[in-house]
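Some notes on the structure that comes next.
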Amino acid sequence: IGESGEGIGKVDGFPLFVKDALPGDVAEVKITKAKKNYAFARLEKIITPSADRVEPPCPYHRQCGGCQIQALSYGKQLEFKQNKVRNNLLRIGGFDAELIDRVMEPIIGMDEPWRYRNKAQYPMGYSKDGELITGFYAGRTHSIIANTDCLLGVEENQQILEIILEYMKTCGVTAYNEVTGKGLVRHILIR
């Protein structure tokens, strides 16, 4: 699994970085960008799922740019995060591996790994049909995935967002348009 949660697989020894793939998956993928020594690919079909694959509760997990490893079991997510911290301390921090292994304590998970974020920033925009929307950017884009109920944020966020959307529609308040540079509300920040 890569730094950003993408699966790393090989075809005839050639490495592929595959968004939404997990260690242990056997899958059909489509190459989206090829380099000399590696390529990026999109998950097309899972032939044999990883033993660590779970059904993500969020219907937007593949589109949204915020939940890269939601299909990975929670125990394996914790393992991935612990390894990421350890590797960053070694690679970026320049610490000795022996020291890190001696002083680094095991990661502590949550009893309930949902609804824990008390701060969220939602971009505002318009759907293809011209409907006022808010949600999150799709991975590596500025296309908004309409969603007022992120499972990482507190439940109250949904009610707040829907009140703001209704107010904006009723009162003619516009969302900022990145192309034209016009409009009033660019983001909603809830804390």
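Test ALA51 against the criterion of being open to solvent by less than 60 Å² (accessible area, probe 1.4 Å) and either in contact with a strand residue (DSSP E or B) (Cβ under 7 Å, 6 or more places away or on another chain) or modelled with pLDDT of 95 or more (or both), and give yes or no.
Taking the combined requirement at face value, the residue does not satisfy it.
Please indicate, with yes or no, whether at least one residue in the stretch 74-90 is in contact with a Gly (Cβ under 6 Å, 6 or more places away or on another chain), assigned to a helix (DSSP H, G or I) and either at pLDDT below 95 or within 26 Å of SER50 (Cβ to Cβ) (or both).
Just the residues of the stretch 74-90 that are in contact with a Gly (Cβ under 6 Å, 6 or more places away or on another chain), to begin with: 78.
Of the ones still in play, those that are also assigned to a helix (DSSP H, G or I) are 78.
Now narrow it down to the ones that are either at pLDDT below 95 or within 26 Å of SER50 (Cβ to Cβ) (or both): 78.
Yes.
Criterion first (hydroxyl-bearing (Ser, Thr, Tyr) and touching a Leu at 6+ places or on another chain (Cβ under 9 Å)) does TYR74 satisfy it?
Values: hydroxyl-bearing (Ser, Thr, Tyr): yes; touching a Leu at 6+ places or on another chain (Cβ under 9 Å): no.
The answer is no for TYR74.
Determine whether MET124 is more than 30 Å from LYS10 (Cα to Cα), open to solvent by less than 40 Å² (accessible area, probe 1.4 Å) and at pLDDT 95 or above. Give the derivation first.
Values: more than 30 Å from LYS10 (Cα to Cα): yes; open to solvent by less than 40 Å² (accessible area, probe 1.4 Å): yes; at pLDDT 95 or above: yes.
In short, yes.
Would you mind telling me which numbered condition in (1) open to solvent by 60 Å² or more (accessible area, probe 1.4 Å); (2) in a loop (DSSP other than H, G, I, E, B); (3) on the phi < 0 side of the Ramachandran plot; (4) without any contact (Cβ under 8 Å) to a residue 60 or more places away in the chain PRO113 fails?
PRO113 satisfies every listed condition except (1).
Hey, among the residues in the stretch 169-180 that are more than 18 Å from PHE136 (Cβ to Cβ) and modelled with pLDDT of 95 or more, which one's nearest to the chain's Cα centre (by Cα)?
Looking at residues that are more than 18 Å from PHE136 (Cβ to Cβ) and modelled with pLDDT of 95 or more, I get THR174.
What's the number of the only condition in (1) loosely packed, with under 11 Cβ neighbours inside 10 Å; (2) touching a His at 6+ places or on another chain (Cβ under 7 Å) that GLN70 fails to meet?
(1) is the only condition that GLN70 fails.
Take the residues in the stretch 1-37 that are open to solvent by 80 Å² or more (accessible area, probe 1.4 Å) and part of a loop (DSSP other than H, G, I, E, B), then tell me which one is nearest to LYS76 (Cα to Cα).
The extreme case among them is GLU3.
Just for the stretch 147-191: of the residues that are acidic (Asp, Glu), out of contact with any helix residue (DSSP H, G or I) (no Cβ under 7 Å at 6 or more places or on another chain) and within 22 Å of LYS128 (Cα to Cα), which one is surrounded by the most Cβ atoms within 10 Å (Cβ to Cβ)?
GLU162
Please work out if TYR60 is touching a Cys at 6+ places or on another chain (Cβ under 9 Å) and either modelled with pLDDT of 95 or more or surrounded by 12 or more Cβ atoms within 10 Å (Cβ to Cβ) (or both).
On the way: touching a Cys at 6+ places or on another chain (Cβ under 9 Å): yes; either modelled with pLDDT of 95 or more or surrounded by 12 or more Cβ atoms within 10 Å (Cβ to Cβ) (or both): yes.
Yes, satisfied.
Kindly list the number of the only condition in (1) outside any loop (DSSP other than H, G, I, E, B); (2) modelled with pLDDT of 95 or more; (3) closer than 24 Å to LEU151 by Cβ that fails for ARG42.
Unmet condition: (2).
Which pairs turn up if I take residues in the stretch 2-18 that are modelled with pLDDT of 95 or more and look for partners that are hydroxyl-bearing (Ser, Thr, Tyr) with beta carbon separation below 6 Å, at least 6 apart in sequence or on another chain?
PRO15/TYR38
Within the stretch 137-173, count every residue that is in contact (Cβ under 8 Å) with a residue 60 or more places away in the chain and out of contact with any Pro (no Cβ under 7 Å at 6 or more places or on another chain). Step through it out loud before you land on a result.
Let us first name the residues in the stretch 137-173 that are in contact (Cβ under 8 Å) with a residue 60 or more places away in the chain, namely 137-141, 145, 147, 150-152.
Still in the running and out of contact with any Pro (no Cβ under 7 Å at 6 or more places or on another chain): 138-141, 145, 147, 150, 152.
Of the residues in that region, 8 qualify.
The values are calculated or read from the model by the stated rules, or taken from the named source; none is laboratory data. Please read all numbers here as calculations on a predicted model, not as lab measurements. Cβ atoms come from the backbone with ideal geometry, glycine included; neighbour counts cover every protein chain shown. Note: accessible area is taken over every heavy atom of the protein model, side chains too, but ligands, DNA and RNA are not part of it. Shrake-Rupley method; radii C 1.70, N 1.55, O 1.52, S 1.80 Å.
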